[in-house]
């Protein structure tokens, strides 16, 4: 199988971690008989330096012609970089917003996994962390409060700000279908999170999710109010498989979930459209302070590549090979600096990539 992948190395540590992800993907291709075709494009600060804009039309067209996009990280130091003296629409992050819009990426996937070998980094009580957890938060990315009509007005001498939360049934249905499809590849449980006791948008959300659930009889559906979900994430995270929720709730809950893993350097993410196409990237930032020092942790990007194989190409065995390689390297005691603990062997970014590729 030929996999046509557009790569966005980006800024900061981005080029380093993408290089290691490619190394692991090449090992997968060799073992399973695939061909990897990579095309690099510029985005963020690198694109600003080269073209004066954070994302060119040509780069967008290249991304659209691919089967999937693998991204490192974009941006720089917001206090010292000249990129942040530009107007907001010309700053690095504007490129990310532009590509999400151009590719219609409405579904954001954020896994949160506590590896047994890293349980000591989990901030939860040992009796909770000992159970481990492996959840995935499916967040609607292009609707809701962040994209609704907003304005600030003055009434009778008093300023009033208005933000509008809207969803239509089609927006809800397409993200719900994605959530149930992915649950079928996992443990077949969906927890739909809303605020249906207060919000009309949540009541519509719950109604549509229940309609979609009828097409997935193998998947268990439960509803949970968002405030309860926030509590359950720190009380009993092992109960969750796929958490399906709207934009603002997903923004907050995914950050909470990432912190209970103990290390954002281990967290992958994906943004999907209504086909198999997706953009895959680590959850962490560009870390410009450590760029070029060969000390970045590439595992989140490697795990993002695993998600790409699983969700854009339906190559589950190949994705499992990457996931198992990560577990094997951690079990053998190899760590980058951000996850280092006593008794382990500290390695750099390139060596970690080599170790992972060797275990495919």
Can you show me the helix-derived [θ] at 222 nm for the chain, built from DSSP H runs with n ≥ 4 at -39,500 (n - 2.57) apiece and divided by the number of residues, rounded to the nearest 500. -12000 deg cm²/dmol
When DSSP beta bridges are limited to those with both residues in region 123-260, what percentage is antiparallel, rounded to the nearest 5? 30 percent
Mind grabbing the base-10 log of I(q)/I(0) for region 239-287 at q = 0.15, 0.25, 0.31 Å⁻¹? Debye formula, identical points on the C-alpha positions, no solvent, two decimal places. -0.49, -1.19, -1.26
Extent along principal axes [Cα atoms of region 15-119; Å; largest to smallest]: 46, 38, 27
Please report 311, 115 as a ranked list, fewest other C-beta atoms within 10 angstrom at the top and most at the bottom. 115, 311
Test of understanding: ordering 174, 310 by Cβ neighbours within 10 Å, fewest first, what list do you get? 174, 310
Which whole number of Å³ per residue matches the convex hull of the alpha-carbon atoms in region 309-353? 80 Å³
For the chain, modelled as a Gaussian network with Cα springs under 10 Å, which listed residue fluctuates most, 136, 90, 244? 90
Work out how far the C-alpha atoms of the chain reach from end to end along every principal axis, then list the three figures in whole Å, largest first. 61, 50, 41
I need the calculated FRET efficiency for the pair residue 1 and residue 125, taking r as the beta carbon distance and R₀ as 41 Å, to the nearest 0.05. 0.35
Treating every alpha carbon of region 246-360 as one equal point scatterer without solvent, the Debye formula yields log10 I(q)/I(0) values at q = 0.14, 0.24 Å⁻¹ of -0.64, -1.42
Using Cβ counts within 10 Å as a stand-in for footprinting exposure, how do 58, 155 rank, fewest first? 155, 58
Cα gyration tensor category, rounded, prolate or oblate, for region 209-253 with a/c compared to 1.5: oblate
Where is the GNM fluctuation largest for the chain (alpha-carbon springs, 10 angstrom cutoff): 206, 342, 350? 342
Take the eigenvalues of the Cα gyration tensor for region 123-260, scale each by 5, and report the square roots as semi-axes in whole Å, largest first. 29, 20, 11
Candidates 159, 97, 114; GNM for the chain (alpha-carbon contacts under 10 Å) flags as most fluctuating 159
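Readers should treat all values here as calculations from the given coordinates under stated rules, not as data from a laboratory. Keep in mind the model is a prediction, meaning the values are calculated, not measured. All Cβ positions, even for glycine, are placed from backbone atoms using ideal geometry, and neighbour counts span all protein chains on display.
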